[in-house]
Protein chains: 2
Amino acid sequence: MDRLFSPRSIAIVGISPRPGNLGQGVLLNLRDHGYTGHIYLVGRGGDELAGLCVHRSVDELPGGVDLAVILTPAPTVPDVLDACGRRGIRRACIESSGFSEFSIGGPDLEARVVEVARRWGIRFTGPNGLGVINLEEGVCVPFAPMTKDWVHRGRVSVLAQSGGLIQHASWLLTAAGMGINKAVSMGNKVDLNEADFLEVLLDDEGTDVIWLYLEGLSDGRRLLELARSSSKPILMLKAGRGRASQQILRSHAAALASDDRVVSAAARQAGIVRVNDFRELVNLTKAFALPPVRGNDLLVFSRSGGTAVMAADAAEAHGFHLIDIPPSLGEEIRRHNRADVIVPTNPVDLGAMFDAEAWVRLLEEGITTLRPDAAVMSYIYSFAWEGEMARRVAEALRDLGRRIEIPLAVVPAARVDDIDRLERSLGFPIFREIGDALSALAVSREWHTRRTLYSQFPASHARHTQHAIRGPQHPIHESPTLDEALRTVEAYGISTADWAVARDAGEAVAAGKRLGYPVALKVISADISHKTDVGGIALDIADEAALRRAWAAMRHRLQERVPGSAVQAFLVQKMIAGGREMIVGARRDATFGPVVMLGLGGIYVEVFDDVSLRVAPLTRFDAEEMIGQVRGSRLLRGLRGQAPADVDALADALLAASQLIVEHPEIQEVDVNPLVVLGKGALALDARIVTG
Amino acid sequence: MDRLFSPRSIAIVGISPRPGNLGQGVLLNLRDHGYTGHIYLVGRGGDELAGLCVHRSVDELPGGVDLAVILTPAPTVPDVLDACGRRGIRRACIESSGFSEFSIGGPDLEARVVEVARRWGIRFTGPNGLGVINLEEGVCVPFAPMTKDWVHRGRVSVLAQSGGLIQHASWLLTAAGMGINKAVSMGNKVDLNEADFLEVLLDDEGTDVIWLYLEGLSDGRRLLELARSSSKPILMLKAGRGRASQQILRSHAAALASDDRVVSAAARQAGIVRVNDFRELVNLTKAFALPPVRGNDLLVFSRSGGTAVMAADAAEAHGFHLIDIPPSLGEEIRRHNRADVIVPTNPVDLGAMFDAEAWVRLLEEGITTLRPDAAVMSYIYSFAWEGEMARRVAEALRDLGRRIEIPLAVVPAARVDDIDRLERSLGFPIFREIGDALSALAVSREWHTRRTLYSQFPASHARHTQHAIRGPQHPIHESPTLDEALRTVEAYGISTADWAVARDAGEAVAAGKRLGYPVALKVISADISHKTDVGGIALDIADEAALRRAWAAMRHRLQERVPGSAVQAFLVQKMIAGGREMIVGARRDATFGPVVMLGLGGIYVEVFDDVSLRVAPLTRFDAEEMIGQVRGSRLLRGLRGQAPADVDALADALLAASQLIVEHPEIQEVDVNPLVVLGKGALALDARIVTG
């Protein structure tokens, strides 16, 4: 990666003096950012450009060039790359487009590029991407204009597929007074992908915060594992959520589609903050530039009664607690108030206090006295002191913010051009709206809290499996039947409601007697996957006579409805009274691998779409968080005087499902539906396993 | 209102040459906006200021001044107002603070102000507000700086309580190239309130869009009725949603608190768009400056693959349909692509098209050919044409947007300062992010669609009440018992499960026989409001013997648990099998009056907080929308092969509850819980009415 981010020499391949030639953009950017390494130009026309000799082909280059930036038309790229290989170049940024994002011929061309690169051991970005930026060393190879007047150096690094987004991100970060440090426009990610670059950025001293803009994930599981170990906030804008965008992705970039809910779950587990738009990216980056928010106690100063009310709403919405103002500080505040009209509450309303510098002194006193977990200062520039004074107050707030170890969110309101200038130049983050500030502080709080908590929970197994484990040494055979599925989940520690297999009515009656009535009768058949649909389940069978009737009726129904199917046997199962029905399941995602699911059982899971997902293996923390995330699991706590259900047993079942799918790569899907959670313990009533 | 918004003369009361004097700000604003009426100054020091004579008191003013702007300290305001009265001044903007927003003495002072004003027939804004602005006539009386360099005239008018928000709104609207027309900072709204001003703005020719910033509602019902008749979009930022902010409001401004969910419901009924922050206010105002969005068909052009994907996500999230590109247009697009790399889908990816003017031509062709309901153009300024060309493309898009009758959302990305300048000066709205554009277009679509639909539905009654109506002529007596409550809802057309009153076991048995088993037994007592808690309900009574046992057991339980209470009788009720339990209720809100509620019955209403509210009287449209809004009502449609339930009967029950509470002002609360919705009809099993 060193040769990519810190090349000692760069060859721009595909340059010409023609107006609009893209290679000129690369040269402009490199020179503008003061790149001090050697720049070589390659263009068919030869000659000279901007004081540099233009080589006619890569073959004319001296040996040992660190990085080739390739902008020639797509069909020529394999040959150009081959020439690079011959000249000992081992890193490239392929900026040309016309590959897999283009449906006619593109994919073949891309395969040829990969083949040539493999042959020479060349690692590359793109194609169809703008390559790398490292402003610490003046490296800036995009062909699009990214000159330093508006691409400032800062401590945020950006990984994106689309090149336009790298530009946009650098403009936004520069406008926010923050700037970028490193950036990669990865394009089609045929070779190097987000996980490769993330690994570099996690260790990079110049990077404090990482932005990921992704349309598809190349290697979700590796990304998750890298991010999990990160001590830096990673903010991810992941597009391609819905069906419409997935269709474009097929034509736009070689990006694998993953279930969007799995992406969200994985991000949460990895500590990646998923955002929805650029404004959120910018706001969160500001919050992460402040000291960590470690609790809920909030102190708000506001110059306008209106923003005080909005601040109180936003504080409540984001789980902050407005701490009480002690009388001593209250007295101090009233003393400063010219018109003596303010009752000192929190938010402290500075409405009638016209000495702006007193605000900052009072704020500091409030923060020092009350030690809140975060503070907010919202103010409007007033008439008497608009110019110099506004700047002075902002600088005083900045200095205060830098001096204290408590995050201070500054929210000034003024003419938009004044705010723009202030934001760009103050050297301290400012927020545009009170809601922006509080939502960002809340994310910072959650991120820091979760990081601390999460580190205490290694991936864990269900509590009861040790002595009963079936283990990976016995792979599960194809299409296990109901009894086999129940036995498998039992082996992993999920208890089941007592059951027996019956091959004839006599065996069924014997089982009914042993288990005790009422019982259920269920068909066992490798051919029948939806038992209910074909009448293969009978519930609440009260006695022997009813069991015999149910047996006969079911045999008859099955012969009628699924005449060809092979019925192996029937399951007689003890009915369970009471408890709450949940669904526990697991399956494999295309990019993240095994995923565990929890949902409210019965019809309500559909009505309220009330499920929670996590990538396996789970920690106990994950399992508990999943239970908290399913709204219907409030029922488990025992509403309206009902006894609470055994939430620990449910967590165990989730860990068991996690362990089962992780240890058995042959399992595609497993469902325990329903799992009845009782006052003590939880019992599977049904299980289904799909292999292959 | 004319004398307030178009005064021929204005007296500024409380002016002095001292630096920081607030009156000077008023004078500055008036002169800067070119107010041509006469300005009188009143200040205790007398003398002259800025070329105008300063009168020592209001009594020195000539008669017939239209408007007094009062900035003297709060305790002096009653006397100043009295003097205004004596001089024939009948309109005032009281900008002084220190009244009801200040807990010590403030409310008394405010009462005196009201008393003086009433005596003279003076109507006023404030106190504790910045008064009125009417840029059409140069009227701008806030003391805070609002000079015309950054307070441009436009077609948006703003009503707010807080003065800071008026400033902020005008800066934001000016930055967005839109500007304000009229504005009122209403302060404590002791006399004139938002409904008074809304009435003016609805008829105002200079106003196209109205912003409301409210902390509390002075007269919710009147606001609702005015807004309902509005042909102009009203965007409301209503703060004071949570408990924390309600506490401040008590000290900050004399604002009545209403249940926030009722506020949202009322806004929806009135066609008021409720927004969460300033960004949303600005974005929606831009969308409403475009032609109406009347359907879901969307055409998107994007210069970056990344934003194309984001656009597709946002389109799907907001219910837009990306229409197919016909081959002829596709061919045209490909012809313009330099590198021939794009497969023409919608969003149309212009990634390899470097002729910016061709974008606009193709976009026009696309719009003309496909006639979408809305179009989006997202592009990034590229290197070859950053300066003049960028401007030219933006102007071409503006001209196209003005020429066509289809809303065109332009979303350019560039250096933030370039975008700022463009936005301020283009004379056509531009959006900052693709998500902003699509969410705003979706709101415009919903607003226009709902307006059309809504106008077809007058307030209506339940279908079956005409012949059974109890009517308002018989007020419901205090604390009606269960049987009286059931009879009342029946009279309004809500059927009940058959029931009979039994005074002794013999009557109960007779009733059981007549109704048919199984039955339920419920205590009738004016003292017992929660029957379940004291064991006053027995269900599923299978036969006569069981009924006798239940009767005895209940008597015993009640004597034990609520020994002092008077049990009038018992209700024997037919048990109803099947159906879906819902809750239908109504109650009175502090500012909106009668409100109807619908929720999923049983325990799930608590778990999922799944309720819908509307202000009564309802239209059938309201009732149907309420049912759609309750997620659990999907169960009524008949999931998983169950028969659908009678949704019309549920709508009738909602209309009945609406009619009942509207016709009986003595009713505080009515609950039908549960209402069982069957395949045909719906039956109330229980009803509770609270009067007083």
Original post:
Among the listed residues B:Arg445, B:Arg487, which satisfies the condition of being basic (Lys, Arg), modelled with pLDDT of 80 or more and under 30 Å from B:Ala546 (Cα atoms)?
Top reply: B:Arg487
Subject >> Of the criteria (1) part of a loop (DSSP other than H, G, I, E, B); (2) under 36 Å from the mean Cα position of the chain (by Cα); (3) surrounded by fewer than 22 Cβ atoms within 10 Å (Cβ to Cβ), which one A:Gly63 fails >> reply: (2)
Subject >> Residues (of a type in the set (S, T, N, Q) and assigned to a loop (DSSP other than H, G, I, E, B)) located in region A:9-60 >> reply: A:Ser16, A:Asn21, A:Thr36, A:Ser57
Original post:
When you go through (1) closer than 30 Å to B:Arg631 by Cβ; (2) assigned to a loop (DSSP other than H, G, I, E, B); (3) not polar (S, T, N, Q) one by one for A:Val567, which number turns out not to apply?
Top reply: (1)
Original post:
How about region B:519-549: which of its residues are outside any loop (DSSP other than H, G, I, E, B), surrounded by 12 or more Cβ atoms within 10 Å (Cβ to Cβ), among the hydrophobic types (A, V, I, L, M, F, W, C) and free of Cβ contacts under 8 Å to residues at least 60 places away in the same chain?
Top reply: B:Val519, B:Leu521, B:Val523, B:Ile524, B:Val534, B:Ile537, B:Ala538, B:Leu539, B:Ile541, B:Ala546, B:Leu547
Original post:
Residue check: is A:Ala267 within 14 Å of chain B (Cβ to nearest Cβ) and either in a loop (DSSP other than H, G, I, E, B) or at pLDDT 90 or above (or both)?
Top reply: no
**OP:** For A:Ile430, work out the one condition from (1) touching an Asp or Glu at 6+ places or on another chain (Cβ under 6 Å); (2) modelled with pLDDT under 95 it doesn't fulfil.
**Re:** (2)
Subject >> Every residue from region A:589-635 that is of a type in the set (Gly, Ala, Ser), buried (at least 20 other Cβ atoms within 10 Å of the Cβ) and part of a strand (DSSP E or B) >> reply: A:Gly599, A:Ser612
Original post:
Which one of B:Leu201, B:Leu172 is within 14 Å of chain A (Cβ to nearest Cβ) and in a helix (DSSP H, G or I)?
Top reply: B:Leu172
Subject >> B:Arg119 in a loop (DSSP other than H, G, I, E, B) and either more than 25 Å from A:Arg303 (Cβ to Cβ) or open to solvent by 40 Å² or more (accessible area, probe 1.4 Å) (or both) >> reply: no
**OP:** For region A:50-64, state whether one or more residues are more than 12 Å from every other protein chain (Cβ to nearest Cβ), closer than 23 Å to A:Lys182 by Cβ and not hydrophobic (A, V, I, L, M, F, W, C).
**Re:** no
Subject >> Total residues in region B:405-429, condition away from chain A (no Cβ under 14 Å) and touching a strand residue (DSSP E or B) at 6+ places or on another chain (Cβ under 8 Å) >> reply: 7
Subject >> Output for region B:647-682, where each listed residue is open to solvent by 10 Å² or more (accessible area, probe 1.4 Å), outside any helix (DSSP H, G or I) and out of contact with any strand residue (DSSP E or B) (no Cβ under 6 Å at 6 or more places or on another chain) >> reply: B:Pro665, B:Leu678, B:Gly679, B:Lys680, B:Gly681
Original post:
Are there any pairs with C-beta distances below 6 angstrom linking a residue in region B:600-619 that is away from chain A (no Cβ under 14 Å) to a residue that is in a loop (DSSP other than H, G, I, E, B), with the two at least 6 apart or on different chains, and if so which?
Top reply: B:Ser612/B:Val630; B:Val615/B:Phe592; B:Thr619/B:Phe457; B:Thr619/B:Ser460
**OP:** Among residues belonging to region B:127-136 that are crowded, with 18+ Cβ neighbours inside 10 Å and either within 13 Å of chain A (Cβ to nearest Cβ) or among the acidic types (Asp, Glu) (or both), point out the one that is farthest from B:Leu165 (Cα to Cα).
**Re:** B:Pro127
Original post:
How many residues are open to solvent by 10 Å² or more (accessible area, probe 1.4 Å) and over 23 Å from A:Val114 (Cα atoms) when one looks only at region A:172-207?
Top reply: 9
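Residue-wise test of (1) touching a Lys or Arg at 6+ places or on another chain (Cβ under 7 Å); (2) under 28 Å from B:Gly216 (Cβ atoms); (3) at pLDDT below 95.
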position	(1), (2), (3)
B:His55	no, no, no
B:Gly64	no, no, yes
B:Val80	no, yes, no
B:Arg86	no, no, no
B:Arg91	yes, yes, no
B:Ile94	no, yes, no
B:Phe99	no, yes, yes
B:Glu110	no, yes, yes
B:Arg118	no, yes, no
Original post:
Does region B:270-298 hold any residues that are under 30 Å from A:Ala144 (Cβ atoms) and within 13 Å of chain A (Cβ to nearest Cβ), and which are they?
Top reply: B:Arg279, B:Val282, B:Asn283, B:Leu298
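The values are calculated or read from the model by the stated rules, or taken from the named source; none is laboratory data. Nothing here was measured: the structure is a model prediction, and the numbers come from that model. Backbone-built Cβ (ideal geometry, glycine too); neighbour counts: all protein chains shown. In case anyone asks, the SASA skips ligands and DNA or RNA and just uses the protein heavy atoms, side chains included. Shrake-Rupley method; radii C 1.70, N 1.55, O 1.52, S 1.80 Å.
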